[in-house]
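All remarks here apply to the structure that follows.
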């Protein structure tokens, strides 16, 4: 009998597992995939290491900062800042036609860019920032307010509004066209006011620390172990039935599998009000270069681009929406004297799950090549053309996202309706991770910690 | 445990929970919150560490007793007097 079974060995499941195992619970994490990490994972192909998911860690405050999500999660997981070896970004850009806003981990820089490009908006911007700072992320009552409405009241230049939405939606909006004001505030602070960083060794370093910590505390982790059913008796979870036929008993279950996915697993055949699946998914191209991007004149860590004045955050009709995207170069962090061995350029663009899911194997391979070219051709309008320096490439599509995360429709940020309190219709089944409401690596870890604290520790 | 032992134990717990805080000048009469950067999750951790180390159960209604060093020690004294110091 386990005290807690956790479904999914992504960031939130591992973080929750550490909390519970640290306080002497018998915990088992069940992971369907062959590896850990969920959306934020890594793989090796043709002799090269690639990251999936992680572009950068958000919420990077200077060392010694005692407040904010990063400080909170380090304390809660009993990790030290040195464990994560975070190097700050060199600086990132939001690029729209005729306007470029640069930002780094010094918020004043971003403010001065806005003062230069949008001089009439600077007072409005300061008012916006005041409201964002005042937003209390532990108070959920404002979550449901529309960020578009709130920004419309504060900022009178629609172009600037779109330039805020582009990076924040790309990095975490499960809703089309709009964001919740709470989510907008949290993400604005995470990205612009705190900052971006990355460990030299990438996401595998973070995962390695989390797994080592979890196992060191006596936690059990089972890979290739999908849950077929959550066993329910009289409105109460008794355990899980695994896909391999084995049954495990538990006093409670914490699931990071997603809301609709978790509800489907419950065998109480109770009609749970169904919740819309998220519609937003990504394709991402990866290119290994024989040169550091800076040698080509590319210094930007992350470049968010959009080729018209209006930014469209919606499921594309076409296989991919190449009008906008995110270009990330993991080389462009301040690693001190060290350089990554090769150059890497990654481009993320919105994609249509149904198209990619409907292809046979041969067609899928062909379309991947075709859209790799379209996406890259679109992106090099905003960064130096690197196509003549490419050593190898790969690309993930919405169906890859399904394989790594198990999310219906390859929904990168899960369902649009979140369950902030993590509760379900069953008294000992809880949700953490993407569909609880926090996204990104830091957000997922905070979600795992928060739900473990709230629902799994206090009895 | 004596009063001094309990105080030393609380300091040790605070060091684990908030390693970046300087505890040398902690004023025992003043609320932790007014001297240290502690949030509700940290107070939960004080309770959880006491449970992990000494099997002491503190009901949620009593968390407010942990406001300052003095109030914490006073609250814990009857609960910890029979615990052997290790």
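The values are calculated or read from the model by the stated rules, or taken from the named source; none is laboratory data. In this text, all values refer to a predicted model and were calculated from it rather than measured experimentally. For neighbour counting, all protein chains shown are included, and Cβ atoms are generated from backbone atoms with ideal geometry for every residue, glycine included.
For the stretch A:2-112, which fully contained helices (runs of 4 or more DSSP H) count at least 1 residues that are away from chain B (no Cβ under 13 Å), at pLDDT 95 or above and more than 21 Å from residue A:334 (Cβ to Cβ)? Before the answer, list the steps.
Details: elements: A:11-22, A:69-76, A:81-84.
Because the criterion is at least 1 residues that are away from chain B (no Cβ under 13 Å), at pLDDT 95 or above and more than 21 Å from residue A:334 (Cβ to Cβ), the helices (runs of 4 or more DSSP H) in the stretch A:2-112 that meet it are A:11-22.
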State yes or no: is residue A:189 at pLDDT 95 or above and in contact with a helix residue (DSSP H, G or I) (Cβ under 7 Å, 6 or more places away or on another chain)? yes
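Just checking, does the stretch A:234-243 include any residue being touching a strand residue (DSSP E or B) at 6+ places or on another chain (Cβ under 8 Å) and surrounded by fewer than 15 Cβ atoms within 10 Å (Cβ to Cβ)? So that I can check it myself, show each step before the final result.
Step one: of the stretch A:234-243, the residues touching a strand residue (DSSP E or B) at 6+ places or on another chain (Cβ under 8 Å) are A:237-243.
Imposing the further condition that a residue be surrounded by fewer than 15 Cβ atoms within 10 Å (Cβ to Cβ) reduces the set to A:243.
Yes, because at least one residue in the stretch A:234-243 is touching a strand residue (DSSP E or B) at 6+ places or on another chain (Cβ under 8 Å) and surrounded by fewer than 15 Cβ atoms within 10 Å (Cβ to Cβ).
Condition first: part of a loop (DSSP other than H, G, I, E, B) and within 14 Å of chain B (Cβ to nearest Cβ). Now tell me which residues in the stretch A:429-459 satisfy that.
First, pick out the residues of the stretch A:429-459 that are part of a loop (DSSP other than H, G, I, E, B): A:432-439, A:457-459.
Residues satisfying the conditions are A:457, A:458, A:459.
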Considering only the stretch A:297-312, how many residues are surrounded by fewer than 21 Cβ atoms within 10 Å (Cβ to Cβ) and either in contact with a helix residue (DSSP H, G or I) (Cβ under 6 Å, 6 or more places away or on another chain) or farther than 27 Å from residue A:334 by Cβ (or both)? 5
Working only within the stretch B:40-86, note down all residues that are in contact with a helix residue (DSSP H, G or I) (Cβ under 9 Å, 6 or more places away or on another chain), surrounded by fewer than 16 Cβ atoms within 10 Å (Cβ to Cβ), within 14 Å of chain A (Cβ to nearest Cβ) and in a loop (DSSP other than H, G, I, E, B). B:56, B:57
Condition first: at pLDDT 95 or above, part of a loop (DSSP other than H, G, I, E, B), over 22 Å from residue A:40 (Cα atoms) and touching a helix residue (DSSP H, G or I) at 6+ places or on another chain (Cβ under 9 Å). Can you find one or more residues in the stretch A:283-296 that meet it? yes
Residues that are loosely packed, with under 15 Cβ neighbours inside 10 Å and in a helix (DSSP H, G or I): does the stretch A:326-346 have at least one? no
